[in-house]
Amino acid sequence: MSDEAVKEEDRQLVERAQAGDISAFEALVDAHRDKVYGLALRMTRSEADAAEISQDTFLSAYQHLREFRGDAAFSSWVHRIAANNALMRLRHRRVVQAAEGELQGPEFTERGSLTEYPARDWSRDAEGRILDAELGHAIQQATDHLPEGYREVFLLKDVDGLSYEQIAEVTGDSIPAIKSRLHRARLALRDAIDRFYNQGDASG
């Protein structure tokens, strides 16, 4: 079956499900279950988490089905729900690991803003230096002021540790576009680090 035929079949099933046809929604679940599970498994590397995420995804899709307007394919919509659920699971895992002392890494607020950020290879001017609270604040501000698309891919790649392929599945963007945005985001943060140290040198 061609992609267009699949989309048309999904569209008809969605319309029936929105009208209250439970069997139509069950057909949508059957059609997309494996891909949703696969996406969750690739992102979490956990079969148990992937199974729970799949259940949560289709439950959420059912609860919000009337909000689906068909601007995008149903598959894209449900995959985005799955990706968001997987990200929440990964971030919860990170919080638990940090609380148990198993993880040393960046801290971030509920909004996703960094409160601390360790030195990385791309920030060569900061390599080998200890990040203090003022530098962490400077980087947080720089992160907050990134354009939405840049900020999203930066957090997904450098905070959540997703691959380019995983980010493409989450955002629906091409890998070249993701790499371009990530590069610009890293440059902006490196500039923030440069300004921080230059201000320190000037005042010192």
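Is it the case that region 181-190 has a residue that's under 26 Å from ALA73 (Cα atoms) and without any contact (Cβ under 8 Å) to a residue 60 or more places away in the chain? Taking every residue of region 181-190 in turn, at least one turns out to be under 26 Å from ALA73 (Cα atoms) and without any contact (Cβ under 8 Å) to a residue 60 or more places away in the chain.
Could you figure out which of (1) assigned to a helix (DSSP H, G or I); (2) more than 21 Å from the chain's Cα centre (by Cα); (3) surrounded by fewer than 19 Cβ atoms within 10 Å (Cβ to Cβ); (4) at pLDDT below 95 isn't true of ASN84? In the conditions (1) assigned to a helix (DSSP H, G or I); (2) more than 21 Å from the chain's Cα centre (by Cα); (3) surrounded by fewer than 19 Cβ atoms within 10 Å (Cβ to Cβ); (4) at pLDDT below 95, ASN84 misses (2) alone.
Scanning region 168-184 for residues that are assigned to a helix (DSSP H, G or I) and modelled with pLDDT under 85 gives GLU169, VAL170, THR171.
Scanning region 42-60 for residues that are over 23 Å from ASP3 (Cβ atoms) and surrounded by fewer than 21 Cβ atoms within 10 Å (Cβ to Cβ) turns up THR44, ARG45, SER46, GLU47, ALA48, ASP49, ALA51, GLU52, GLN55, ASP56, LEU59, SER60.
Checked across region 26-47, the condition of being out of contact with any helix residue (DSSP H, G or I) (no Cβ under 9 Å at 6 or more places or on another chain) and outside any helix (DSSP H, G or I) holds for at least one residue. Do we have ARG151 as among the basic types (Lys, Arg), surrounded by fewer than 18 Cβ atoms within 10 Å (Cβ to Cβ) and in a helix (DSSP H, G or I) here? Taking the combined requirement at face value, the residue does not satisfy it.
Checking each residue in region 61-81 for being at pLDDT 95 or above and either crowded, with 19+ Cβ neighbours inside 10 Å or closer than 26 Å to TYR164 by Cβ (or both) picks out only ALA61. Could you say whether any residue in region 118-136 is surrounded by 14 or more Cβ atoms within 10 Å (Cβ to Cβ) and modelled with pLDDT of 80 or more? No, region 118-136 contains no residue that is surrounded by 14 or more Cβ atoms within 10 Å (Cβ to Cβ) and modelled with pLDDT of 80 or more.
The values are calculated or read from the model by the stated rules, or taken from the named source; none is laboratory data. Just so we're clear, the structure is a prediction, and the values are computed from it rather than from any experiment. We place every Cβ from the backbone using ideal geometry, glycine too, and count neighbours over all the protein chains shown.
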